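Undergrad: Submitted below is the structure of interest, expressed as structure tokens.
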Amino acid sequence: MQRKVQYVVAFAGLAVLVHLLRRTMSEKISIQEPEQQVVPKRRFRRHSSGREAYLWKLSNKNGMQVEITDYGGTIVSVTVPDGSGGLRDVVLGFDSVADYEKKSPFFGCITGRCANRIAKGTFEIDHQQYQTAVNNGPNALHGGVKGFDKVFWSVEELGKSCLRMSYVSADMEEGYPGELTISVTYTLNDANQLQIDYAATTDKATVVNLTNHTYWNLHGQPDSCLDHVVQLFADRYTPVDDTLIPSGELAPVENTPFDFRTPTAIGERINEADRQLQLGHGYDHNWCLNKSGPGALDLAAVVTEPSSGLALKVYTTEPGVQLYTGNFLDGSFKGKRGLTVPHRAAFCLETQHYPDSIHHQGEKEWPTVVLRPEQRFMSTTIYEINCRAQTIA
């Protein structure tokens with residue numbers, strides 16, 4: 001009888017020990033594998049290829065939200081507090097991927113392999129001549145007929161406020177040499193800053209110039225942007241010919257309608273009888289930014305909307321920025337919420353290497369757009385949106 005009691009006690013002790021070991025293991029596992037934070041996403045309807053597109057939503061503690069789709073790596077919406085207790089979406093876009101596919105004038109997308117224009121779509125690297133797809137009069141624009149804005153990107157969630165998109169562009173895609181591997185990382189922080197980090201490598205010498213083509217209107221609707229007040233930190237710009245290819249001159253902005261060194265409304269001089277404004281049908285030009293050093297992250301532009309006090313600041317490591325004032329928007333299509341998109345309904349600030357830089361390689365003060373296998377392309381741009389009184393110096 002005594003031996004039986006000893007067995008029962010021993011068995012009970014073993015059971016307790018097993019229980020404690022299981023609990024300890026469970027606690028260790030829970031410590032080693034914390035709950036993963038997931039970026040909310042939803043369907044964005046179906047592309048004509050049959051592939052389903054998705055929207056991911058980044059958010060911060062202030063109520064700012066940024067929606068991005070895997071089609072074109074496109075920023076679809078940027079919703080911000082307006083300073084009076086409301087929210088407003090301050091970028092143009094569409095309500096489905098089908099509209100982006102059919103009629104988007106580069107709304108919110110990643111543009112590449114070479115953003116902006118290449119004269120006649122031709123260039124030479126290492127004595128080899130290349131012909132890229134021509135899609136803007138006689139020139140190549142934003143990567144060609146099927147640029148990075150018209151492909152699906154792979155998406156990796158890096159936290160509740162961070163997405164990395166990647167794409168591999170095949171050798172000779174749209175006429176560009178080399179297999180190019182690209183990643184674009186979007187990060188939203190609690191200072192209301194949307195940071196975009198670009199990186200790329202290649203297995204053959206090629207041309208690379210990447211940017212984001214978001215159309216901004218701080219009113220929160222697609223109406224005239226001409227009352228927006230712009231300041232650009234640039235003493236020079238690149239005048240263009242009648243096909244909007246830079247002439248090669250880095251011209252001073254002083255005493256021209258291109259002098260935005262002090263805050264000036266977009267509409268104040270846009271209709272002046274200036275040859276450059278006539279060629280661009282308004283502003284569609286590159287400004288050469290005043291840089292503190294090569295690759296430095298500097299303040300490039302500040303835009304304010306007078307009625308609300310909303311302010312957009314743009315910081316970039318890039319040497320140039322293209323101010324485009326929606327000159328070719330004509331009211332022929334509807335955007336989000338079924339609203340017609342009229343002439344000059346928004347502006348773009350496209351951070352970049354200068355347009356057609358490939359034809360000015362080796363010239364003083366022109367940036368190189370040639371990427372070689374031993375190099376890595378890296379670029380950062382930050383868009384910060386706050387009420388004017390809350391902006392960060």
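Undergrad: Need the failing condition index for V90 against (1) open to solvent by 30 Å² or more (accessible area, probe 1.4 Å); (2) touching a Gly at 6+ places or on another chain (Cβ under 9 Å); (3) modelled with pLDDT of 95 or more, just the number.
TA: (1)
Undergrad: Here's another thing I want to ask about it. Would you check which residues across the stretch 296-321 are of a type outside the set (G, A, S) and farther than 20 Å from V78 by Cα and list them?
TA: Selection gives L297, D298, L299, T317, E318, P319, V321.
Undergrad: Might you check whether a residue that is assigned to a helix (DSSP H, G or I) and under 24 Å from H359 (Cα atoms) occurs anywhere in the stretch 261-276?
TA: yes
Undergrad: Considering only residues of the stretch 337-359 that are surrounded by fewer than 19 Cβ atoms within 10 Å (Cβ to Cβ) and part of a helix (DSSP H, G or I), which is nearest to the chain's Cα centre (by Cα)?
TA: The residue in question is R337.
Undergrad: Oh, and also: Scan D149, D95 and give me the residue that is in contact (Cβ under 8 Å) with a residue 40 or more places away in the chain and in contact with a Cys (Cβ under 6 Å, 6 or more places away or on another chain).
TA: Answer to the selection: D149.
Undergrad: Within the stretch 148-166, can one find any residue that is touching a helix residue (DSSP H, G or I) at 6+ places or on another chain (Cβ under 8 Å), surrounded by fewer than 21 Cβ atoms within 10 Å (Cβ to Cβ) and among the small types (G, A, S)?
TA: No, there is no match, as no residue in the stretch 148-166 is touching a helix residue (DSSP H, G or I) at 6+ places or on another chain (Cβ under 8 Å), surrounded by fewer than 21 Cβ atoms within 10 Å (Cβ to Cβ) and among the small types (G, A, S).
Undergrad: Further question on the same structure: Would you pick out the residues in the stretch 373-393 that are at pLDDT 95 or above, open to solvent by 40 Å² or more (accessible area, probe 1.4 Å) and not basic (K, R)?
TA: P373, E374, Q375, M378, listed by residue number.
Undergrad: Restricting to the stretch 285-315, and then to whatever is outside any loop (DSSP other than H, G, I, E, B) and open to solvent by 10 Å² or more (accessible area, probe 1.4 Å), can you tell me which residue is farthest from H343 (Cα to Cα)?
TA: Here the answer is D298.
The values are calculated or read from the model by the stated rules, or taken from the named source; none is laboratory data. Please read all numbers here as calculations on a predicted model, not as lab measurements. Please note: Cβ atoms are built from the backbone with ideal geometry, for glycine as well, and neighbour counts cover all protein chains shown. Side chains are part of the model used for accessible areas, which takes the heavy atoms of the whole protein and leaves out ligands, DNA and RNA. Shrake-Rupley method; radii C 1.70, N 1.55, O 1.52, S 1.80 Å.
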